[in-house]
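Have a look at the structure below, then the notes.
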Amino acid sequence: MFTKQASLLSVPLTTDVCEQILSNWIEAVSTFYWSYQQLVQRIQTQPADHLSPDNALTEVALAMQDQLTILLTDVSQSDVQSGTFSGDDYQTLAQHTDELNRLTQQAQNRLSSAGHTRPYNPSGLDSTPRLHA
């Protein structure tokens, strides 16, 4: 899952390539969201004296929030509403996929080093945990 999407853009944008870029992006968003929830849950269960701006878990969670803001802005500016994507839109999705995967890996590494790991379970997603800066 954690592979560079940019290599897909070095080939002509056939239907198969476009579907693969979109499929990889959807999987990356799902895993990103799950990892973000795990971070927030871990942060919320830490003793209060561990919650500081330089806390490694908090830093990753805030970076994930920033990336989500960028993602939402870029997606809302594309032609998602009409269902048509340009080559630039696929390039943007591929770049987002790489960044989502990078942050997800970073989150999983931090969670693992903090002794908090749970297997990825997309059917168990919960939309309630949120971290506010």
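The values are calculated or read from the model by the stated rules, or taken from the named source; none is laboratory data. Keep in mind the model is a prediction, meaning the values are calculated, not measured. All Cβ positions, glycine included, derive from the backbone under ideal geometry; neighbour counts span all protein chains shown.
Somewhere in the stretch 92-108, is a residue modelled with pLDDT under 90, of a type in the set (Lys, Arg) and out of contact with any Ser or Thr (no Cβ under 9 Å at 6 or more places or on another chain)? Among the residues of the stretch 92-108, not one is modelled with pLDDT under 90, of a type in the set (Lys, Arg) and out of contact with any Ser or Thr (no Cβ under 9 Å at 6 or more places or on another chain), which makes the answer no.
Flag: SER112 does not match the condition of being under 22 Å from SER23 (Cα atoms) and either at pLDDT 85 or above or small (Gly, Ala, Ser) (or both).
Listed here are the residues, each with its yes/no results for (1) in contact with a Ser or Thr (Cβ under 9 Å, 6 or more places away or on another chain); (2) modelled with pLDDT of 90 or more; (3) assigned to a helix (DSSP H, G or I); (4) surrounded by 13 or more Cβ atoms within 10 Å (Cβ to Cβ).
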| site | (1), (2), (3), (4) |
| --- | --- |
| MET1 | yes, no, no, no |
| SER7 | no, no, yes, no |
| PRO12 | no, no, no, no |
| VAL17 | no, no, yes, yes |
| SER23 | no, yes, yes, no |
| SER30 | no, yes, yes, yes |
| GLN41 | no, no, yes, yes |
| ALA61 | no, yes, yes, yes |
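Only one of the listed residues (ASP66, ASP54) is charged (D, E, K, R) and modelled with pLDDT under 70. That residue is ASP54.
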